Amino acid sequence: MLSLSGATGLDVDVLTDTIAVVFANITAPGANLYTFSQTHDMFDDLSPATAIFGDGGPSIPYSGGEPILSPTLSVASVFDAADTVMTAVAAGIGVTAEGEALIIYKIGGAPNASPLIAFIDSFSAITFNGGNVTIQWNAAGIFQLIP
């Protein structure tokens, strides 16, 4: 078992808690952009809501992120999981690239009790069109926890 605790004091067990992922629009033209900040620690910090996408398109609620299934944690603290499929991701704000970053977080009891875990922006942008989107995690793992 690995438990993470940040400044918020909320524990995250990456193997037993519901860990989920959403897309964020970070560079497309317009005002609907999420700007990463290290001070963002909970799902309610993700704004504007129209920049956060999941199965239901933009403005997804905190409980609507796609769960990351079959999580594992190696001896070297590398977190990995099965590939994640978001079904029928609706087009959002009508720009060419809407999914340019992934945000991994724990689904807690409320937006301000759903800690953010990771921000990943090193992939080609995706334009949503109502079809399924498969997030194929790197074979080496999703991220490594370093104490």
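None of the figures in this text is laboratory data; all of them are computed from the coordinates on show. Just so it is clear, the model here is predicted, and its values are computed rather than measured. No Cβ is skipped: glycine too gets one built from the backbone with ideal geometry, and neighbour counts run over all protein chains shown.
Can you give the Rg/Rh ratio of the range 41-147, where Rg is from the C-alpha atoms and Rh is the Kirkwood radius?
0.96
At 0.36 nm per residue, minus the direct Cα-Cα distance, what do T87 and S47 gain on full extension? Give it in nm, one decimal, please.
12.1 nm
Scanning the chain for chymotrypsin sites (Phe, Trp or Tyr not before Pro) in DSSP loops with at most 16 other Cβ atoms within 10 Å, what's the longest stretch left with none?
After excluding every exposed loop site, the longest remaining stretch is 37-122.
Return the long-range amide H neighbours of F143 (sequence gap of 5 or more, or a different chain), with a cut-off of under 5 Å between placed amide H atoms.
For F143, the qualifying residues are F79.
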